[in-house]
Amino acid sequence: MTLHDYKTVLYRQDDGSWVAEIPAIPGCYALMTTREAALAELANVFQMIAEEYREKGISLPADTTEIIHA
């Protein structure tokens with residue numbers, strides 16, 4: 001699985017910082033000052049987590065995230 005196989009949630013916090021996360025993968029998020037930086041850092045975090053899973057011989061979890069606009 002690659003980063004593009006997952007839904008990414010991007011949102012701005014009250015202090016103006018941006019959070020990018022992949023809800024399907026525990027701990028896969030980034031907090032940065034711009035949305036672009038958050039997305040770039042998320043890609044790095046995803047790669048690190050994916051490598052850990054590979055080293056342990058485990059598959060990454062499937063993305064079951066459902067996006068609903070309230």
With all protein chains present, the chain has a carbon and sulfur share of its accessible area (1.4 Å probe) in percent of 53
Roughly how tilted is helix 35-56, in degrees to the nearest 10 and between 0 and 90, from the longest Cα axis of the chain? 20
With the 1.4 Å probe rolled over protein heavy atoms, the chain has an accessible area per residue in Å² of 71
Quick one: ranking V19, V9 by accessible area, 1.4 Å probe, largest first, what do you get? V9, V19
Out of (i) 1.19; (ii) 1.04; (iii) 1.14, which label holds the value of Cα Rg over 2.2 N^0.38 Å that was computed here? (iii)
Just need the relative contact order of the chain here, percent rounded to a whole number, with Cα pairs under 8 Å and 6+ apart. 26
Enter the accessible area of E55 (Å², nearest 10), with the probe set to 1.4 Å and all protein chains included. 140
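The values are calculated or read from the model by the stated rules, or taken from the named source; none is laboratory data. In this text, all values refer to a predicted model and were calculated from it rather than measured experimentally. Protein only, heavy atoms only, side chains kept; ligands, DNA and RNA dropped before computing areas. Shrake-Rupley method; radii C 1.70, N 1.55, O 1.52, S 1.80 Å.
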